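What follows is one structure encoded as structure tokens, with my remarks underneath.
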Amino acid sequence: MKKITPDQKEEIAQKAYDSGHKAQLEKRCCSQTSLAGLFEALDISSPEIFKAATGLAGGGALFGDAGCGAYDGGLMILGMLKGRALDNFVTEETNRFKCFEAGRALHKKFIDEYGTVICRDIETKIMGRPFFLSDKDDYGKADELGAHAWVSPEVVGRACKWTVEVIFEQGLLDELNELREQQAKA
């Protein structure tokens, strides 16, 4: 498997944006579509993480009061690369601090663009108000304003692009290439 190199940052970031945007437009569930876009762009996968991300959509079970699902998907990818492993689940372990640092870099990109990482606050910034997506009427109102036609695909696309940028900017290419190699051998 050919390694990803630093000069591929823009190409892979654009592929992540395009893949995430398309997945959200076609499939919905921002937490999963951000993972799908990133899995495709980075040539990695994790069926267990993908499945586990379902409940993070719509700001957490469609309540909107938790983190944006696209943001959460990006954090999950960063955790795959630099998170604390179960077989090294000790207090002194330092990978989690590198993961936190990378997560803060993704957080900053959301704050710079939206002023928040909270789903309903992003909705308010873009569409003028939050939506309770588990309510059919409110879901319909969100759709009338373009929530699923352009708003969430754009947020997911950006989250995917930003996650790739963070991987490059935070020096996580070795971890990414190692994961890709391990998964190719499996």
For G128, only one of the following conditions fails: (1) among the small types (G, A, S); (2) out of contact with any helix residue (DSSP H, G or I) (no Cβ under 9 Å at 6 or more places or on another chain); (3) within 19 Å of L56 (Cα to Cα). What is its number?
(3)
With respect to L62, determine if the residue is over 10 Å from the mean Cα position of the chain (by Cα) and under 30 Å from K136 (Cβ atoms).
yes
Given (1) over 20 Å from W150 (Cβ atoms); (2) surrounded by fewer than 13 Cβ atoms within 10 Å (Cβ to Cβ); (3) free of Cβ contacts under 8 Å to residues at least 40 places away in the same chain, index of the condition G128 fails
(1)
Output for the range 57-95, where each listed residue is closer than 30 Å to S134 by Cα and β-branched (V, I, T):
I77
For the range 93-119, which positions are polar (S, T, N, Q) and either in contact with a Phe, Trp or Tyr (Cβ under 9 Å, 6 or more places away or on another chain) or at pLDDT 95 or above (or both)?
T116
Residues that are farther than 16 Å from V156 by Cβ and in contact with an Asp or Glu (Cβ under 9 Å, 6 or more places away or on another chain): which helices (runs of 4 or more DSSP H) entirely in the range 1-72 hold 1 or more of them?
9-27
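The values are calculated or read from the model by the stated rules, or taken from the named source; none is laboratory data. Small disclaimer: the values here were computed from a predicted structure and weren't measured. Reconstructed Cβ throughout: ideal geometry from the backbone, glycine too, with neighbour counts over all protein chains shown.
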